[in-house]
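Remarks on the structure that follows.
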Amino acid sequence: MLQTPSGGGADDGAAATDTGLMSIGAVLNVLREEFPEVTISKIRFLESEGLVDPRRTPSGYRKFSAGDVERLGHVLRMQRDHYLPLKVIREHLAAMERGEAVPLPALSRPGDGEDPAESVPATPATARIGRSRLLAAAGVDEQRLAEWESYGLLAPVGDGVYDAEAVTVAGLLTELGRYGIEPRHLRAMKAAAEREAGLVEQVVAPLRRHRNPQTRAHAEDRTKELASLTMKLHAALVRSALGVRLP
C-alpha cells in the first residue's frame with residue numbers, strides 16, 4: 001500500500017549516503033537520461049500525489065532509494081507513453097503492489113474502431129492525443145483547457161487532436177497554477193518561446209530547402225540540437241536572473 005508522503009522540507013544535501021539513498025538532485029540527474037523535461041517540481045508533485053514516498057533525514061532532506069527511482073521512471077513512462085491520468089497510474093501501481101498482473105492500455109491507432117480524434121499513431125514523431133485524453137492526462141476540465149487555448153498556450157493541430165507534447169505543457173501549466181501563476185501571466189513566456197522557435201527556424205530553413213536530400217535530412221537533427229541549446233540557455237538565464245542554482 002502507498003503511504004502518505006511526508007510534509008515539506010529541504011531538498012539538498014549529499015547526492016548519496018553510505019546507505020545508497022539519493023538526494024532529489026541526484027534522482028533528477030538519473031531520470032533526465034530518459035526524461036529530459038522532468039524537473040524537481042515534477043518529482044515533488046508526484047510525491048505530493050502519493051506516487052512515491054521517499055525517506056526523510058532528521059534534518060528534513062528527501063532521500064530516495066533505487067526502488068523509488070524505478071517507481072518514478074515507471075510513473076513518467078506511463079504518462080509519456082500511455083497518456084494516463086495520475087488516478088489511473090495510482091490504481092495501477094496499487095494493483096502491482098498487490099501482486100496483480102494489470103496490463104497497460106495499448107496505444108490506439110486509426111482504424112481500430114476508435115474515434116480518429118482519440119487515436120495515437122505508432123511513431124513518437126507523429127504522436128497525437130485526442131481532447132478527452134488530454135483532459136484526463138492533465139486532470140482538468142473543459143473550462144481550464146479553453147482558458148489555456150484562449151491565451152495561446154495550447155492549440156489543437158487538427159480537429160480535436162493535439163500534439164503529444166500538449167500533455168507536457170498541460171502538466172506544467174497545472175503545476176504553475178498551484179503556485180498562483182495563471183495563464184494570463186504566461187503570455188510573455190509564450191511570446192518568448194515563439195521568438196526562440198523563429199530563430200531556430202531561420203537557421204534550419206536553408207537546410208530544408210537544400211537540393212541535397214542528405215542535407216535536408218540533417219535539418220531535423222539540427223532543429224533538435226538548436227532547440228536543446230536554446231532551452232538550456234533560457235533556463236540558465238532564468239536561474240541567473242533569480243540568483244538561484246538548481247541541479
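The values are calculated or read from the model by the stated rules, or taken from the named source; none is laboratory data. Bear in mind that the values here come from a model prediction, so they are computed numbers and not experimental data. When we count neighbours, we look across all protein chains shown, and the Cβ atoms used for this are built from the backbone with ideal geometry, even at glycine. Note: areas computed on protein heavy atoms with side chains; ligands, DNA, RNA excluded. Shrake-Rupley method; radii C 1.70, N 1.55, O 1.52, S 1.80 Å.
The table below gives the values:
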quantity: Nearest-0.05 FRET efficiency for Arg98 and Ser228, computed from C-beta distance (R0 41 Å); calculated: 0.50
quantity: Accessible surface, per residue, of region 126-247 when the full set of protein chains is kept, probe 1.4 Å, Å²; calculated: 66 Å²
quantity: Compactness of region 136-227 - radius of gyration and Dmax, Cα, Å; calculated: 16.4, 50
quantity: Diffusion coefficient, µm² s⁻¹, Stokes-Einstein with Kirkwood Rh over alpha-carbon pairs of region 122-187 at 37 °C and 0.692 mPa s; calculated: 272 µm²/s
quantity: Potential lengthening between His185 and Ala155 on full extension [0.36 nm per residue; Cα-Cα distance subtracted]; calculated: 9.0 nm
quantity: Highest-first arrangement of 231-241, 132-142, 154-164, where packing means the average Cβ count within 10 Å; calculated: 132-142, 154-164, 231-241
quantity: Vicinal HN-Hα couplings computed from phi for region 28-37 (Karplus, 6.51 cos²θ - 1.76 cosθ + 1.60; Hz; Gly/Pro x); calculated: 4, 4, 5, 5, 5, 5, 9, 10, x, 8
quantity: HN-Hα J in Hz across region 189-204 - Karplus 6.51, -1.76, 1.60, θ = phi - 60°, x for Gly and Pro; calculated: 5, 4, 5, 5, 4, 5, 5, 5, 5, x, 5, 4, 4, 4, 6, 8
